[in-house]
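**Student:** The structure's right below; bear with me while I get my questions together.
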RNA sequence: GGAGGGGUGGCUGAGCGGCCGAAAGCACUGGUCUUGAAAACCAGAGAAGGGCGACCUUCCCAGGGUUCGAAUCCCUGCCCCUCCGCCA
């Protein structure tokens, strides 16, 4: 009614993340769980806002009720042919008083929305304690780490002939890459292979989605409002951003919907470029194409009923692992500790592939269960047949896999010391049948 | 870019400044009937928020305005559809 709320924002009340009821009922409990991930919830601040909200809402609704009943009475009197004037006069400055308190109510609500939108998802109980990646816990590992009888090269050395970082820098700056010839084809082959496995064997529906999205979509999945610095905004008359992951457009397909329970679970796979400004990562991974402003990713998204989400996380993680196994790439799965969790995730399992060039495991996929955190923000619901009422769905996603990093892993793991890269069986049909690529390594 | 027409509940679709949270149909839930199901008939049922509760408030694309009172009237924005032009 008052205050400019941009059209692209979700309806008020949907703009929560933690269930506001839970927040009010068990503020201390929520604060305790959030502390595990290093988030300090301002309890006193919240209670102050809540107190203001309560009185403002109370007064607003009381005045509205009064206006409603008076107006009805006037209508009835008019219909009966009576004199309306005294009744109209009795209403007096009701409208003005209502305007004042309603403005206060709106202002408080806006502050509450802001407050609540900035609260991350509390970690699930099974998430290990810890503050950073050194506290993550390995769950399992797979594959033999290659022992070379020569000094393994890294991907930049191996692919030098077809990896043109100078040209990329010339046209776009640092952290961009140009791949040529067989390298570009290998990159494309990987993408096709991944999508085919997920659609053909894992039951995912392939979707093609926008690479530019509204602010509201990013709020829905949790990248905004807190992490605007990580995104590329597009200058122009409207608020649009390049997607940092396909998770954003794909998960938001369910925005503002009430799904049939029979339609769940939904499984989507999308191949998109991803754009990240990598602000705050200035000195990190500057070598090669490991960390880029633009990269390709095949993303898996599942929309499931609440009771099915933990099983779905394991399932989706296994789907991503399938790609690594088919490509014969050694990897391990680690569960992120509370302090290393992303803003919206309740639990995350990272897949880390072995990179001989660095002699260590590096992240190649990140699979998360968001519970109803994202669903609540974007109003994604299903009609619960048990109650007949709409309930929030749970959302899960993960990379299956990051294509550029898979390319790195392939080059580094399957080098033979003479500039020859062996192509794993699973990929050969996508490479026109060739089983090796010969590169002029430096 | 030019000209028109529209945005109403899970979906389709009526709607007079007060009797409209909103007809009707579909879908849904319960009941009758049936061995069971379907069909038919009867009944119920929108969403969000607040309150221990009786109950109250909000919501007809969004924002603003007129009015005692707005789904309905006015202004602005967004989106969709049709036609013309342009274009991959």
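FYI, it's all coordinate maths here, none of it is from the lab. The shown structure was predicted, so the numbers you read here are calculated from the model rather than taken from an experiment. Cβ: placed from backbone, ideal geometry, glycine included. Neighbour counts: every protein chain shown.
**Student:** Using the Kirkwood radius over Cα pairs, work out the Stokes-Einstein diffusion coefficient for region A:381-438 at 20 °C and 1.002 mPa s, in µm²/s as a whole number.
**Tutor:** Estimated diffusion coefficient is 143 µm²/s.
**Student:** For the pair residue A:279 and residue A:40, what calculated FRET efficiency results from E = 1/(1 + (r/R0)^6), where r is the Cβ-Cβ distance and R0 = 22 Å, to the nearest 0.05?
**Tutor:** Rounded to the nearest 0.05, the efficiency is 0.45.
**Student:** Any idea what % of Cα-Cα pairs in region A:325-383 are farther than 14 Å?
**Tutor:** Above the 14 Å cut-off, region A:325-383 has 63 percent of its Cα pairs.
**Student:** Let me ask another. How many Å³ per residue does the convex hull of the Cα positions in region A:52-136 occupy?
**Tutor:** 126
**Student:** I need A:394, A:214 ordered by Cβ neighbour count within 10 Å, fewest first.
**Tutor:** A:214, A:394
**Student:** Sticking with this structure for a sec: Expressed in nm², what is the orientationally averaged projection area of the convex hull enclosing the Cα positions of region A:126-172?
**Tutor:** Mean orientational projected area (region A:126-172, Cα hull): 7.2 nm².
**Student:** Taking 0.36 nm per residue of sequence separation and subtracting the Cα-Cα distance, how much length would be gained by fully extending the chain between residue A:435 and residue A:192, in nm to one decimal?
**Tutor:** Taking residue A:435 through residue A:192 to full extension adds about 85.8 nm, to one decimal.
**Student:** Going by C-beta contacts inside 10 Å, put A:179, A:341 in order with the fewest on the left.
**Tutor:** If I rank by nearby Cβ atoms, fewest first, I get A:179, A:341.
**Student:** Now for a different question. Can you sort A:146, A:431 so the residue with the fewest Cβ neighbours within 10 Å comes first?
**Tutor:** Ascending Cβ contact count within 10 Å gives the list A:146, A:431.
**Student:** At a Förster distance of 22 Å, what's the computed FRET efficiency of residue A:133 paired with residue A:233, Cβ-Cβ distance as r, to 0.05?
**Tutor:** For residue A:133 and residue A:233, the calculated efficiency is 0.20.
**Student:** Taking the convex hull of the alpha carbon atoms in region A:237-395, what volume per residue do you get, in Å³?
**Tutor:** 142
**Student:** Would you kindly state how much longer the chain becomes between residue A:84 and residue A:61 on full extension, computed as 0.36 nm times their sequence separation minus their alpha carbon distance, in nm to one decimal?
**Tutor:** Extra length from residue A:84 to residue A:61 when fully extended: 5.8 nm.
**Student:** Considering region A:133-438, what Rg and Dmax in Å follow from its alpha-carbon atoms?
**Tutor:** Calculated on Cα positions, Rg and Dmax stand at 19.6, 66 Å.
**Student:** Calculate for chain A the 222 nm mean residue ellipticity that helices alone would give, adding -39,500 (n - 2.57) per DSSP H run of length 4 or more and normalising by residue count, nearest 500 deg cm²/dmol.
**Tutor:** -11500 deg cm²/dmol
**Student:** Next question, about the same structure. So if each residue of separation counts as 0.36 nm, and I subtract the Cα-Cα distance between residue A:311 and residue A:174, what length gain in nm does that give?
**Tutor:** So the extension gain works out to 45.3 nm.
**Student:** For region A:279-365, take the alpha-carbon Rg, divide it by the Kirkwood Rh, and send me Rg/Rh.
**Tutor:** Rg divided by Rh gives 0.98.
**Student:** How much of the calculated P(r) for region A:153-225 lies past 17 Å, in percent of all Cα pairs?
**Tutor:** 67
**Student:** May I have the convex hull volume per residue, in Å³, for the Cα set of region A:141-291?
**Tutor:** 191
**Student:** Name the most mobile residue of A:87, A:139, A:355, meaning the one with the largest mean-square fluctuation, in a Gaussian network model of chain A with Cα contacts below 10 Å.
**Tutor:** A:87
**Student:** Can I ask one more? Based on alpha-carbon atoms only, what is the radius of gyration of region A:285-330 relative to the globular estimate 2.2 N^0.38 Å?
**Tutor:** Its radius of gyration relative to the 2.2 N^0.38 Å reference: 1.56.
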